[in-house]
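Here is the structure we will look at.
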Amino acid sequence: AGDERGAARAQARANKATEHLGNLATDVAVEKAYPGATLLHEGEGQGTFDRVYAHPDPPPDYIIGEGKGGTARNTSSRVGADGLRHQQGRPEYRDVVTNVMAESDDPGAQIIGRRLLGAGDSVVYVEARQPLITTTDSSGRTTTTLGTIQGSTYSPARRDPGDDT
């Protein structure tokens, strides 16, 4: 109390650490599900995916990875072509972010976005979580440990039949 700036800095550090845990969990989950996948892209913030991997033994050709660490929740959403808001992990969300990346001013993001657009149904979307488990023993001492990495794979990408990219 009384040190709001200090508290905000501490919260920012905690958010960064939990984001890092989520990215590590994503790397582990993707390697387990798609051995040999190679990390092509690391993103942060809006308009990009956390991770994009190439898979050497298709299908799929590409894996989009979104990581959640610690107590992070799936709170991200985007407005799709249909004018509705779609939650992270849904195909409509994936389509919006892919298009944003393909039109990005960042040449690296632009290349990855265009590859994803051209890959059609050979893209999967994986969300991985690295949960934190907090326990309190009989003496009142609290301990936080890493839980088991949890992963979910969403439906493959859709390609708009009218899209010639």
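The values are calculated or read from the model by the stated rules, or taken from the named source; none is laboratory data. Everything numeric in this text was worked out from a predicted model, so none of it was measured. All Cβ positions, glycine included, derive from the backbone under ideal geometry; neighbour counts span all protein chains shown. For accessibility, only protein heavy atoms count, side chains too; no ligands or nucleic acids. Shrake-Rupley method; radii C 1.70, N 1.55, O 1.52, S 1.80 Å.
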Counting heavy atoms of the protein chains only and a 1.4 Å probe, report the per residue accessible area for the range 1-61 as a whole number of Å². 63
7 Å from Cα along Cα→Cβ at both Glu44 and Asp105: what's the point-to-point distance in nm? 1.9
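Subtract the Cα-Cα distance of Ile133 and His20 from 0.36 nm times their separation in residues, and report this length gain in nm to one decimal. Present the calculation step by step, with values, prior to reporting the outcome.
Values: separation 113, 0.36 × 113 = 40.68 nm, distance 1.66 nm.
Working it through step by step, the gained length comes to 39.0 nm.
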